[in-house]
Amino acid sequence: MEAMHTMRLQVQQLPKANVVHVEGAIEANSFPGLLHVLNHLLTKPVPQVILDCGQVPYVGTAELKGLLDLAHIARARGGDIKCAGLAPTIEQVATLIANGDPLECFPDVMEALAQFRFVTVAA
């Protein structure tokens, strides 16, 4: 049962965005680690984050709601959080939970990256 709670995260910094490679289930016991990483990335002036979920077999509904809330925070700061490689069934649940303001999902990281509107921030 312990394996269910194991999640591995790796942050890849690209010139204009950060990719968080997630491996494992995103559920109540593993979500705090992801939340910590995302909260740190949201401190950037224009947070552009892609969650690479190609190796994520399960996402709890409460955690999907948490990801949507974080995406709203990123959007309020001129950025966004987008998902790549999310399983279709998980994407459908995310759309239902989103209530009209969905978490944008793309087949892969490169497509998600291409959808960002890159803005320059004056220092």
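When the convex hull of the Cα atoms of the chain is projected onto a plane and the area is averaged over all directions, what value comes out in nm²? Before the final figure, lay out each step's value.
Values: hull surface 28.6 nm².
Computed as one quarter of the Cα hull surface, the answer is 7.2 nm².
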**Asked** Which Cα, out of Phe106, Thr95, Gly79, lies furthest along the positive dipole direction of the chain (beta carbon charges, K/R +1, D/E -1)?
**Response** Gly79
**Asked** At a probe size of 1.4 Å, how large is the accessible area of Thr6, to the nearest 10 Å²?
**Response** 80
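Compute, for the range 25-121, the length of the dipole vector about the Cα centre, with Cβ point charges of +1 (Lys, Arg) and -1 (Asp, Glu) only. Units Debye, rounded to 20.
Numbers: 6 positive and 10 negative charges, 72 e Å.
For the range 25-121, the charge dipole is close to 340 debye.
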**Asked** Among the lysines, which fall within straight-line cross-link reach of Lys44, defined as a Cα-Cα distance under 17 Å, with same-chain neighbours fewer than 8 residues apart omitted?
**Response** Lys16, Lys82
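Summing +1 for each Lys or Arg and -1 for each Asp or Glu, what net charge is found among the other residues whose Cβ lies under 15 Å from the Cβ of Asp108? Provide the component values of the computation, followed by the final result.
Values: positive: Lys82; negative: Asp52, Glu91, Glu104, Glu111.
It works out to a net charge of -3.
What does the accessible area per residue of the chain come to in Å², with a 1.4 Å probe and no ligands, DNA or RNA counted? The partial results should precede the final answer.
Numbers: 6920 Å² over 123 residues.
The answer is 56 Å² per residue.
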**Prompt:** For the range 57-123, what Kirkwood radius comes out of the mean inverse Cα-Cα distance, in Å?
**Reply:** 12.7
**Message:** Give me the tail of P(r) for the range 39-93 as a percent: Cα-Cα pairs with distance above 12 Å.
**Reply:** 65
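Among all helices in the chain defined by DSSP H, which have a length of 20 Å or more along the axis from Cα atoms plus a Kyte-Doolittle mean of at least -1.0?
Working: long enough: 61-76 (23 Å, 0.45).
Within the chain the helices that satisfy the rule are 61-76.
The values are calculated or read from the model by the stated rules, or taken from the named source; none is laboratory data. Because the structure is a prediction, the values reported are computed rather than measured. As a convention, Cβ positions derive from the backbone with ideal geometry for all residues, glycine included, and neighbour counts pool all protein chains shown. Just so you know, the surface numbers come from the protein's heavy atoms only, side chains and all, with ligands and any DNA or RNA stripped out. Shrake-Rupley method; radii C 1.70, N 1.55, O 1.52, S 1.80 Å.
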